[in-house]
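The values are calculated or read from the model by the stated rules, or taken from the named source; none is laboratory data. Not measured: the values here are computed from a predicted model. We place every Cβ from the backbone using ideal geometry, glycine too, and count neighbours over all the protein chains shown. Accessible surface areas use protein heavy atoms only, side chains included; no ligands, DNA or RNA. Shrake-Rupley method; radii C 1.70, N 1.55, O 1.52, S 1.80 Å.
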Amino acid sequence: MRYPDDYELPIPEPITLPELLFELEREVLAVASPDGRYLAAWKNLTPASAFSFLFRHRGDIRERCERDEHLFQAYAEAAPVFLQDMCRVATLVEAALDGKPYEGPVLSTSASKQHDSEVPGARKRLATQWSADIRASYDRMLSFAVNAGTTESVTTAGTTTWTAETSRFIEEFRSSEFADRTVFHLRDTQLPSPLRTNFWRNHLAIKVSDEWMAEYSTYVTHDAPSLAVTQRHYHKPTLVLELASGTIRLDAMRMSSHLREFSTELPILFVSTDTCALALHRFNSLVDGLTIEDYAGRPDSHHLLPHRDKIVRLPNGSTVVAEERFSMFEEGWGTERSLTSDPDELEEIPF
């Protein structure tokens, strides 16, 4: 399409603080609704992480925020109380879903006195506008939760899809001499055609032995990855993500930032000699993802986690040796590196 020479792109309108908080509320609900962990999602957010979360999901919001130089300060003043109040609303919604509806002053239709007393600055009035009817926030969240429970969810976490078909990228992956120590970050378009369902979806891909794949149903659960610490020969203890009953371990420090790209499910592609199995793991980026990031950023907390050796005991009592993938293959800058490349080789940035 060709635009006239004098055509100018429309300039986005500045976003108001109430609009910003409403959009944040809506995006959090979308991520929390598939597994119903509304309170946990809100409790994990800080003013800074909430802002980052919203910007990752809504580039249009970022543009509109930048149109008002005072908005960031207003948000900083309002956000702590906003997050506290949303935690209270989430607590009441989860109670209602459990058959314990609550009616009380916290759902008052009057402005929150807590805001008036605790939010400093000339923009205090704007900071209270979002909660002038806190009952509306409760009604929105409860309606969202009820609809999520009665309609078919857009997420299919908890399922596995199998195929014997392949693709050029999968064959490169299989032939890589580095695959036995690497987790690959693949786009939907690089998968075998029966597994391509969402153009924008990213996947983690792991090569496994034919013996592992034959026992897939014994190993694989569809739970979100859990955290542990493992001791490697001649290395310091390593923070790991455990998958598939603990038989797969990934370097949590390398993986933590990549998990931001997954919102409501974590697609893991297991690849053997002639089969691919796409397992959609349960995942809530605001609960599971932020918890992993938090531990990754606090090495002093690692002693609180379980410590592992090489042997994994399965629920049926049998034992296997854990498969560890501590390298990470990422795409280059605007180019498609061959999946047979060394994952730890830095590619020159084409400036």
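Miscellaneous remarks
- Odd one out for V154, checked against (1) open to solvent by 60 Å² or more (accessible area, probe 1.4 Å); (2) modelled with pLDDT of 65 or more: (2)
- Selection from the stretch 228-255 of residues that are of a type outside the set (A, V, I, L, M), in a strand (DSSP E or B) and open to solvent by less than 10 Å² (accessible area, probe 1.4 Å): T230, R249
- Checked against the criteria, R308 does not count as free of Cβ contacts under 8 Å to residues at least 24 places away in the same chain, over 22 Å from T197 (Cβ atoms) and among the basic types (K, R).
- Test for L280: is it outside any loop (DSSP other than H, G, I, E, B), touching a Gly at 6+ places or on another chain (Cβ under 7 Å) and closer than 18 Å to L250 by Cα: yes
Results for (1) more than 23 Å from L142 (Cβ to Cβ); (2) of a type in the set (S, T, Y), shown as yes or no for each residue.
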site: S49; (1), (2): yes, yes
site: L54; (1), (2): no, no
site: G59; (1), (2): yes, no
site: L71; (1), (2): yes, no
site: A76; (1), (2): yes, no
site: P80; (1), (2): yes, no
site: L83; (1), (2): no, no
site: C87; (1), (2): no, no
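- Tally, over the stretch 311-326, of residues that are assigned to a strand (DSSP E or B) and either open to solvent by 20 Å² or more (accessible area, probe 1.4 Å) or over 13 Å from I248 (Cα atoms) (or both): 7
- Candidate set from the stretch 291-310 (those that are open to solvent by 20 Å² or more (accessible area, probe 1.4 Å), in a helix (DSSP H, G or I) and out of contact with any Lys or Arg (no Cβ under 9 Å at 6 or more places or on another chain)); member that is farthest from E25 (Cα to Cα): H303
Yes or no, residue by residue, for (1) of a type outside the set (S, T, Y); (2) more than 19 Å from T182 (Cα to Cα); (3) in contact with a Pro (Cβ under 8 Å, 6 or more places away or on another chain):
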{"position": "K207", "(1), (2), (3)": "yes, no, no"}
{"position": "S217", "(1), (2), (3)": "no, yes, no"}
{"position": "T221", "(1), (2), (3)": "no, yes, no"}
{"position": "Q231", "(1), (2), (3)": "yes, no, yes"}
{"position": "S257", "(1), (2), (3)": "no, no, no"}
{"position": "S263", "(1), (2), (3)": "no, yes, no"}
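- Verdict on L290 being over 23 Å from D188 (Cβ atoms) and either at pLDDT below 95 or in contact with a helix residue (DSSP H, G or I) (Cβ under 7 Å, 6 or more places away or on another chain) (or both): yes
- For the stretch 260-270, the count of residues that are open to solvent by 50 Å² or more (accessible area, probe 1.4 Å) and in a helix (DSSP H, G or I) is at least one.
- With respect to the conditions (1) open to solvent by 30 Å² or more (accessible area, probe 1.4 Å); (2) modelled with pLDDT of 95 or more; (3) among the hydroxyl-bearing types (S, T, Y), T340 lacks only one, and its number is (2).
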